[in-house]
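As structure tokens, the structure follows; a few thoughts come after it.
The values are calculated or read from the model by the stated rules, or taken from the named source; none is laboratory data. Here the structure is a predicted model, which means the values were calculated and not measured. Backbone-built Cβ (ideal geometry, glycine too); neighbour counts: all protein chains shown. Accessible surface areas use protein heavy atoms only, side chains included; no ligands, DNA or RNA. Shrake-Rupley method; radii C 1.70, N 1.55, O 1.52, S 1.80 Å.
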Amino acid sequence: MASLPRTVGELRASGLQPRPVKQEIRDNLVRKLQAGDRLFPGIIGYDETVIPQLVNAVLSRHNFILLGLRGQAKSRILRGLLDLLDERIPVVPGCEIHDDPRAPICAACRARAAAEGDAMAIGWLPREERYVEKLATPDVTIADMVGDIDPIKAAQAGLNLSDELTMHYGLLPRANRGIFAINELPDLAGKIQVGLFNILQEGDVQIKGYPIRLRLDVLLVFTANPEDYTARGKIITPLKDRIGSEIRTHYPATRHHALAITKQEAWTERATGLPVEIPDYVREVVEEVAFQARADRKIDKRSGVSQRLPITTLELVVSNAERRALVHGEPIVVPRVTDVYAALPSITGKFELEYEGELRGAEAIARDLIRAAVGNVFSGMFDGVDTRTVAEWFDLGGTLQLSDTTSAEQVLTMACGVQGLPELAQQAGLPKGAPPPAVASAIDFVLEGLYAQKKISRSDERGYAAADASPRRPTRREEQLVDEELQMPRGAGKKKYYN
Ligand SMILES: [Zn+2]
């Protein structure tokens, strides 16, 4: 820091050349590529899809747009561009648009540069302050984006209104020599899009009829929902035309990537309190809920299911387990599959429902998703494992009453009475000498798995019983069969119609 030039003269003598921001980002990216640095650290699953396209866009010095559904790390990628900026750049101190001391564009800085010459003091702007972000909404105005003329300022200074000294700068000029990110671009009114385009094209803009020339140097990046973006009339054509690259983002292509993202993002290692041990099958069930939701036709595909669903769900799952452990004085927090049901508050708000889904209700759909997710994970893990002993115990009239607040010890005690259950739980990948909360979690997983496979039933109060005992609503087909049956001669048997 001490060696940084402090005046324009020193800056000129240092040989540092002014560079447009897109060139600066390109140069730094080139260096990172040559050094084999990891690009966009923390972004998982985009190595072969999104990142190569991003790199090409930056190498081409394009303004670009990320097209994707919610929760696909779009904002995070854009903020990741900060790493490609110089650590700090020279600026005229106090200039709202971060003028380059060697070539200021605003009238005040030009006047100052002319008056002070090489002795003019300079400041250094860290890269973190060169990123401006705006969520587009229909009520964003030209004044917000570009700026406004301040008539009072003008009157006080005795200046002509068209003099830029009377200008109150908006977000875009304040992003000068940096990155300006606009999220959800299609929500921006057409008039504002025209203003953006003019800045991009001509470097000037009209404010309240006064033409103001601002030769801004900005990397413009955008995000949008793909359908909104391609819908006719949402984006003015000339603006679309000026966006060099359209890059599609996506949800994790594999469960492996999805698990890694959630593991990275979810707050599960709680510094104060008990150690947390999350079984793999709980992580997988949480992730599978999102995969199920994305494939469910009752859920709106155009708005998508954010990766924030599994992230926040896992956090609530851990919290529910934490609460149980604290109440019972258990030494370790081990989440159970049933804790996922306690995470409904972080699931139901993460998707939009289609009409069919609305009829059923978000909560019922979320429960279906969890049950299906448990079924998938359980089937994978217990493939080829004989579960009949446990199912038979229930078939013979056995029942088990549990809740997500039942202590580990109590779960173990109750499970010991169920023929084959403790042995089956061992198949859930329990390490030798696993503590009671971990064993209880495995038992819970087996019960929920058998319930998901419809081998046993479960009441809303979490009473497990034989499969046939489940008081479920008959499907329409079954109702029909029952109606037919009523006309059948007695003794024809009931069972066979339910095959
Ligand atoms: Zn200035």
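The table below gives the values:
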{"quantity": "Flag if V333 is in contact with a strand residue (DSSP E or B) (Cβ under 6 Å, 6 or more places away or on another chain), open to solvent by less than 40 Å² (accessible area, probe 1.4 Å) and β-branched (V, I, T)", "calculated": "yes"}
{"quantity": "Subset of region 1-25 (residues that are open to solvent by 20 Å² or more (accessible area, probe 1.4 Å) and either among the aliphatic types (A, V, I, L, M) or under 30 Å from A258 (Cα atoms) (or both))", "calculated": "M1, A2, L4, A13, L16"}
{"quantity": "Which listed residue, of L309, L344, L359, L326, is assigned to a helix (DSSP H, G or I) and surrounded by 20 or more Cβ atoms within 10 Å (Cβ to Cβ)", "calculated": "L309"}
{"quantity": "Positions within region 246-272 being part of a helix (DSSP H, G or I) and among the hydrophobic types (A, V, I, L, M, F, W, C), in sequence order", "calculated": "A258, L259, A260, I261"}
{"quantity": "Unique match (being within 16 Å of the ligand (Cβ to nearest atom) and of a type in the set (A, V, I, L, M)) among I44, I25, I122", "calculated": "I122"}
{"quantity": "Wholly enclosed helices (runs of 4 or more DSSP H) of region 421-486 bearing at least 3 residues of a type in the set (A, V, I, L, M, F, W, C) and either touching an Asp or Glu at 6+ places or on another chain (Cβ under 6 Å) or at pLDDT 85 or above (or both)", "calculated": "421-426, 436-452"}
{"quantity": "Qualifying residues in region 93-119 (those that are within 11 Å of the ligand (Cβ to nearest atom) and in a helix (DSSP H, G or I)) - the one surrounded by the fewest Cβ atoms within 10 Å (Cβ to Cβ)", "calculated": "A111"}
{"quantity": "Looking only at region 75-92, and only at residues there that are open to solvent by 20 Å² or more (accessible area, probe 1.4 Å) and touching a strand residue (DSSP E or B) at 6+ places or on another chain (Cβ under 9 Å), the one that is nearest to the ligand (Cβ to nearest atom)", "calculated": "R88"}
{"quantity": "Conditions (1) over 25 Å from G304 (Cβ atoms); (2) open to solvent by 80 Å² or more (accessible area, probe 1.4 Å); (3) of a type outside the set (S, T, Y); (4) assigned to a loop (DSSP other than H, G, I, E, B); number of the one not met by E48", "calculated": "(1)"}
